[in-house]
Amino acid sequence: MRINSFVTTAGALSVALVLAVGASASNAHAQNLAARVRQVGDGTVRFSFAAREGVCGNGRNNISVRSERNQDVESECETGPVMVALTKADGQVTSLRTYVGARWKAPGANVTQLGTVGARDAVDYLLGVAEGGTAKVAQQAIFPATLADSVTPWPRLLRLARDESRPSEVRKQAVFWVGQAASEEATKGLADVAEDESGDREVRKSAVFALSQQKANGVEVLLRIARENKDKEIRKQAIFWLGQSKDPRALDYFESVLVKR
């Protein structure tokens with residue numbers, strides 16, 4: 001009887017130990033990227049995530065987004081995951097580097113490999129850095145966030161562009177990358193930034209430029225700014241980019257202005 005009791009108790013302890021180990025592993029897996037980066041000491045932290053279609057690079061200083069492949073020639077632009085390396089000092093991220101089409105070197109001292117993380121988790125982390133990091137690191141974090149597969153970063157980038165508590169250079173970087181998103185919603189958001197009379201003028205100029213890159217509604221918004229905006233510098237910026245557009249509507253506008261003289 002005592003033997004049976006001992007065996008039963010030992011079995012219960014074994015099951016409890018297995019469950020505890022399993023729960024610990026599950027919790028570690030469930031930790032988001034931000035928490036994992038915070039736990040790492042000073043040095044380099046590496047992680048990678050899935051890139052959206054068309055993203056390629058040469059593993060060094062060239063990353064591009066291609067709508068279609070060249071059918072005639074091969075190039076050094078290789079597809080692959082987005083690879084991010086952070087440098088931490090005194091517990092803070094001090095720099096961020098992004099690669100595509102590369103392979104990690106063997107990790108040396110003070111290098112932590114976090115492996116492949118979910119694209120959404122990566123974007124959440126990177127945009128968190130953009131929203132709260134120093135100006136330098138915040139700017140560096142925006143670009144890789146735009147490369148992730150199946151994640152749409154522009155709503156948060158628009159909020160960042162409007163956030164007057166953030167450095168102007170960070171907001172301009174956010175505006176630029178929003179401008180690369182070909183959608184009516186993004187265009188509307190850029191128009192809001194450009195036409196905000198209380199906003200930072202340099203950020204508004206960046207929004208005007210971003211609108212000039214839109215093939216759908218960009219010219220229409222630029223025309224409205226050129227005709228109606230109260231800020232002379234913003235109007236001049238809109239008129240300049242209209243002149244680069246080669247759009248017939250821009251020529252009609254210029255003609256109407258010149259006829260009034």
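The values are calculated or read from the model by the stated rules, or taken from the named source; none is laboratory data. Bear in mind that the values here come from a model prediction, so they are computed numbers and not experimental data. In this analysis, Cβ positions are derived from the backbone assuming ideal geometry, glycine residues included, and neighbour counts consider all displayed protein chains.
Listed here are the helices (runs of 4 or more DSSP H) enclosed by segment 110-201 that have at least 2 residues being of a type in the set (A, V, I, L, M) and outside the structural domain of Q237 (by TED's automatic domain parsing): 119-132, 135-145. Restricting attention to segment 65-107 and to residues that are of a type in the set (A, V, I, L, M, F, W, C), within 21 Å of V123 (Cα to Cα) and surrounded by fewer than 18 Cβ atoms within 10 Å (Cβ to Cβ), the residue that is modelled with the lowest pLDDT turns out to be V65.
In summary, E131 fulfils each of the numbered conditions (1) acidic (D, E); (2) exposed (fewer than 14 other Cβ atoms within 10 Å of the Cβ); (3) modelled with pLDDT of 95 or more with the single exception of condition (2). Pairing residues of segment 71-96 that are at positive phi with residues that are modelled with pLDDT of 85 or more and buried (at least 18 other Cβ atoms within 10 Å of the Cβ), at Cβ distances under 7 Å and at least 6 apart in sequence or on separate chains, gives G80/A51; G80/V100; G80/G101.
Screening S168 against (1) buried (at least 20 other Cβ atoms within 10 Å of the Cβ); (2) under 22 Å from L96 (Cα atoms) leaves a single unmet condition, (1). Please verify whether S24 is more than 23 Å from L127 (Cα to Cα) and either modelled with pLDDT of 95 or more or of a type in the set (S, T, Y) (or both), treating the condition exactly as stated. Taking the combined requirement at face value, the residue satisfies it. Given the criterion within 17 Å of S64 (Cα to Cα), basic (K, R), in contact with a strand residue (DSSP E or B) (Cβ under 9 Å, 6 or more places away or on another chain) and in the same structural domain as V45 (by TED's automatic domain parsing), identify the matching residue among R103, R97. That would be R97, the only listed residue that is within 17 Å of S64 (Cα to Cα), basic (K, R), in contact with a strand residue (DSSP E or B) (Cβ under 9 Å, 6 or more places away or on another chain) and in the same structural domain as V45 (by TED's automatic domain parsing). All but one of (1) in a loop (DSSP other than H, G, I, E, B); (2) at pLDDT 75 or above; (3) under 20 Å from the mean Cα position of the chain (by Cα); (4) surrounded by fewer than 15 Cβ atoms within 10 Å (Cβ to Cβ) hold for G59; state the number of the condition that does not hold. Unmet for G59, out of (1) in a loop (DSSP other than H, G, I, E, B); (2) at pLDDT 75 or above; (3) under 20 Å from the mean Cα position of the chain (by Cα); (4) surrounded by fewer than 15 Cβ atoms within 10 Å (Cβ to Cβ): (4). The conditions of being hydrophobic (A, V, I, L, M, F, W, C) and over 17 Å from D192 (Cβ atoms) are not met by L211.
Going by what's in this entry, would S245 be described as modelled with pLDDT of 90 or more and either assigned by TED's automatic domain parsing to the domain that holds A51 or among the hydroxyl-bearing types (S, T, Y) (or both)? For S245, the condition - modelled with pLDDT of 90 or more and either assigned by TED's automatic domain parsing to the domain that holds A51 or among the hydroxyl-bearing types (S, T, Y) (or both) - is not met.
Looking only at residues in segment 134-148 that are farther than 14 Å from V100 by Cβ and either among the acidic types (D, E) or within 8 Å of the chain's Cα centre (by Cα) (or both), the one that is surrounded by the fewest Cβ atoms within 10 Å (Cβ to Cβ) is I142. One residue alone among A250, A226, A191 is closer than 28 Å to T152 by Cα and surrounded by 15 or more Cβ atoms within 10 Å (Cβ to Cβ), and that residue is A191.
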